[in-house]
Amino acid sequence: MNLKETLNWRYTAKEFDTTKKISDTDIEQVKALLRMSPSSTNIQPWHFIIAETKEGKERIAKGTQGFFHFNEPKVLNASHVVLFCSRITADEDYMQHVLEVEDKDGRFPNEDIKKGMYSGRNIFADIHKYDLKDLQHWMEKQVYLNIGGFLLGVASLGIDATPMEGIDVKALDEEFGLRAKGFTAVAAVSIGYRAESDFNSTDKTPKSRLPESEVFTNI
Ligand SMILES: Cc1cc2nc3c(=O)[nH]c(=O)nc-3n(C[C@H](O)[C@H](O)[C@H](O)COP(=O)(O)O)c2cc1C
């Protein structure tokens, strides 16, 4: 499939085929998608809980109770579910940690470049912490960027997905003790393979998007 075909092939799966499981080889690629996503200043302010077992998916389904019950089957019947979590803050220990990982990965030919990276990342973080006062929001934006790449990436592997903001973030933070670890749940994405009966498949329900004339300004 070329890119346009992949874009038209993918849609938000509303019903998964419970008999199909994503192979271990594909899960390795899925994990690479999550880990290799770009982020501003390479801050990587995320953590991913990947549920594969029935028990794991039931734990994530604790976030699809009450008002969010419409998403429960999408969690329980998927092959895997990824819970995207964002950092709550980026303290000095974390900034040093990212820097040291980059150093180990060979990013810095000399100490000056390493210092430059440290101060550059801190300048950006400080703009969000002090000037814009949206540090947590900024980090969450990086997580959303990851989700965007993830949705297209899994589609390129022929894997269906359901992005879900309709989750009880507080319940999931409690279930996984996220706040104490410096994280909070942002969104979940179920992945697997579409059921033939899925009403939302593009052969039954065509996609809808705003027209080109509205969304592009060509200059
Ligand atoms: C961030 C985000 C959150 C979403 N949350 C939900 C959700 O909780 N439940 C659901 O069934 N679909 C959810 N969707 C799916 C959207 O409704 C869907 O992407 C949109 O209608 C476009 O359709 P398509 O994905 O089939 O192309 C979400 C999509 C995104 C990107």
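Bear in mind these aren't lab numbers, they're just calculated from the coordinates by the rules spelled out. Small disclaimer: the values here were computed from a predicted structure and weren't measured. In this analysis, Cβ positions are derived from the backbone assuming ideal geometry, glycine residues included, and neighbour counts consider all displayed protein chains.
Quick look at the values:
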read-out	value
The chain: DSSP helices with Cα axial extent of at least 24 Å and average Kyte-Doolittle hydropathy no lower than 1.6	none
Computed FRET value (nearest 0.05) for Glu55 with Ser197, which takes r as the C-beta separation and R₀ as 30 Å	0.70
Cα pair distances of region 48-90 binned at 10 Å [whole percent]	31, 49, 17, 3
Stretch in the chain that is longest and holds no trypsin sites (Lys or Arg not before Pro) that DSSP places in a loop and that have at most 16 other beta carbons within 10 Å	22-106
P(r) of the chain over all Cα-Cα pairs, binned every 10 Å from zero, in whole percent	8, 28, 32, 22, 10, 1
GluC sites (Glu not before Pro) restricted to region 99-203 and DSSP loop, no more than 13 other C-beta within 10 Å	Glu165, Glu196
Surface/4 estimate of mean projected area, convex hull on alpha-carbon atoms of region 106-182, nm²	8.3 nm²
Percent of beta bridges antiparallel (DSSP, the chain, rounded to nearest 5)	95 percent
Listed residue (Pro206, Ile88, Phe150) projecting farthest to the positive dipole end of the chain, Cβ model	Pro206
Pairwise FRET efficiency - Ile127 versus Arg179, Cβ, R0 = 22 Å, nearest 0.05	0.30
Neighbour-limited loop hits for chymotrypsin sites (Phe, Trp or Tyr not before Pro), region 172-205 (at most 12 other Cβ within 10 Å; DSSP other than H, G, I, E, B)	Phe199
Alpha carbon convex hull of region 149-219, volume per residue in cubic angstrom	180 Å³
